[in-house]
Amino acid sequence: MIHPKSQSLASDRQHSTQNPRSVVVLGAGAWGTTLASLAAANGHRVQVRSRRDGAISPSEIERADVVVSAVSMQGVATVVREIQTLPLLPTTIFVTATKGLDPVTTLTPAQIWQAAFPDRSVVVLCGPNLAKEIQQGLPAATVAGSTDDNAAVAVQAVFSSPQFRVYTNSDPLGVELGGTLKNVMAIAAGVCDGLQLGTNAKAALVTRGLTEIIRIGNSWGAKTETFYGLSGLGDLLATCNSPLSRNYQVGYQLAQGKTLSAILAHLEGTAEGVNTTQVLMQRARQQDIYMPITAEVYRLLQAEITPKQALEALMLRDLKSELL
Ligand SMILES: NC(=O)C1=CN([C@@H]2O[C@H](COP(=O)(O)OP(=O)(O)OC[C@H]3O[C@@H](n4cnc5c(N)ncnc54)[C@H](O)[C@@H]3O)[C@@H](O)[C@H]2O)C=CC1
Ligand SMILES: O=C(CO)COP(=O)(O)O
């Protein structure tokens, strides 16, 4: 699928400031405002829309070259429905940066956008991108994943800078699932650190967590090698090791004995992993896929077990080959 507009954007790859584009960012949370700053710093015309601004006006969206969705998962369906009623350029590219799964259908945000706009290019933007670090100007890298290479290259040009290196990838599902499923493991990693289980335990958890992500990701249709990239292993390492991660914070505070509702009441922003764990368990059960870490995170979030019981349950399973 080649879109004329994305082709012209693609030719601007290294010169984005000389060809300002119109970018609308939906969602004014930590990530939406950070992405807006990155695009604006490259000289693009950027508008950020928050839920509080009310309905999006047709004049705002009708000239958008790129529409970036950075709302949390619970807002995706609403935002998609709203945009469907508005006039768009035939060449507008959608970028989705949400890391979540639909609780009813288990669809990813990109699948929801693509189903609503079957003739348009959808690009997934995912990577180890803790917003607070990027806001401080610290260097980071990410992935623009799409089946439309030209659209991915166009999005690469919009966001790339000396501080923010954007790679492309033609496996958008793998890119998106890597960024989404690691949130479950980030909760587990927070528990691991909260219980002070040490570096060996953390390394085992993250490594076996990646195995689990690949197992279910493959069954979804994503490629193994994508999970070894920035949006998979990269984001897993970032969020499993940083107290800046909200998902890590959920796990860490559970290990301190706090209840989930008390943690979420004081958490700054969204911890998508709480909902993602439920959806992932639903899918794993339906498809009979072995997800032991996810299962223990699920039971912990349901308050069925304590963090220590979750650890015991994982350690006392039947012995098996690493490659199974
Ligand atoms: N904060 C970060 O470092 C990163 C976050 N992400 C992902 O980006 C998404 C947003 O994250 P944050 O900005 O951190 O979350 P946040 O909690 O700071 O902001 C969420 C945004 O979604 C909007 N929203 C929620 N429900 C809505 C609805 N029904 N209609 C319209 N808008 C709605 C909120 O108004 C808010 O602007 C999440 O899926 C997150 O996993 C991805 C990469 C980095
Ligand atoms: O996805 C993120 C970094 O890549 C942000 O992680 P949290 O949502 O856990 O804060």
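Just a few scattered comments:
- The spread of Cα positions in the stretch 4-170, taken along each principal axis and listed from longest to shortest, comes to 39, 34, 32 Å.
- Pair Thr78, Ala40: separation of 7 Å Cα→Cβ label points (nm): 2.4
- With every protein chain in place, the chain: carbon and sulfur % of accessible area (1.4 Å): 53
- In the chain, Cα pairs under 8 Å separated by at least six residues give a relative contact order of 16 percent.
- Separation of the stretch 26-42 and the stretch 129-184, taken as the distance between their Cα centroids, equals 13 angstrom.
- 28 Å Cα-Cα threshold exceeded, pairs from Lys99/Lys320; Lys99/Lys258; Lys182/Lys258: Lys99/Lys320
- Estimated dipole of the stretch 174-315 in Debye, rounded to 20 [Cβ of Lys and Arg +1, of Asp and Glu -1, Cα centre]: 120
- Taking N as its residue count, the alpha carbon Rg of the chain over 2.2 N^0.38 Å: 0.99
- Once the Cβ-Cβ distance of Lys320 and Asn241 is raised to the sixth power relative to R0 = 30 Å, the FRET efficiency obtained is 0.65.
- Direction-averaged projected area, Cα convex hull, the stretch 174-315: 7.5 nm², rounded to one decimal.
- Straightening the chain between Glu225 and Glu304 buys 24.9 nm, computed as 0.36 nm per residue apart minus the Cα-Cα spacing.
- Among beta bridges from DSSP that stay inside the chain, the antiparallel ones total about 15%.
- Dipole of the chain [Lys/Arg +1, Asp/Glu -1 at C-beta], most positive-end residue of Thr91, Ser59, Pro243: Pro243
- From its DSSP helices (H runs of at least four residues, each -39,500 (n - 2.57)), the chain gives a residue-normalised ellipticity at 222 nm of -15000 deg cm²/dmol.
- The stretch between Ala116 and Thr199 holds 25.4 nm of extra length on full extension. This uses 0.36 nm per residue minus the Cα-Cα distance.
- Rounded to the nearest 20, the size of the Cβ-charge dipole of the stretch 227-288 about its Cα centre is 140 debye, with Lys and Arg at +1 and Asp and Glu at -1.
- Formal net charge of residues neighbouring Val124 (Cβ-Cβ distance under 13 Å; K, R +1; D, E -1): -3
- With the charge dipole of the stretch 174-315 set up from +1 on Lys and Arg Cβ and -1 on Asp and Glu Cβ about the Cα centre, the Cα lying farthest toward the positive end among the listed residues Ala271, Ser231, Ile213 is that of Ile213.
- Relative contact order of the stretch 174-315, defined on C-alpha pairs under 8 angstrom at six or more residues apart (%): 33
- In this Cβ point-charge picture (+1 for Lys and Arg, -1 for Asp and Glu), the chain has a dipole of about 320 debye about its Cα centre.
The values are calculated or read from the model by the stated rules, or taken from the named source; none is laboratory data. Computed from a prediction, not measured in an experiment: that's the story for all the values here. Cβ coordinates were reconstructed from backbone atoms using ideal geometry, including for glycine residues, and neighbour counts include every protein chain displayed. Just so you know, the surface numbers come from the protein's heavy atoms only, side chains and all, with ligands and any DNA or RNA stripped out. Shrake-Rupley method; radii C 1.70, N 1.55, O 1.52, S 1.80 Å.
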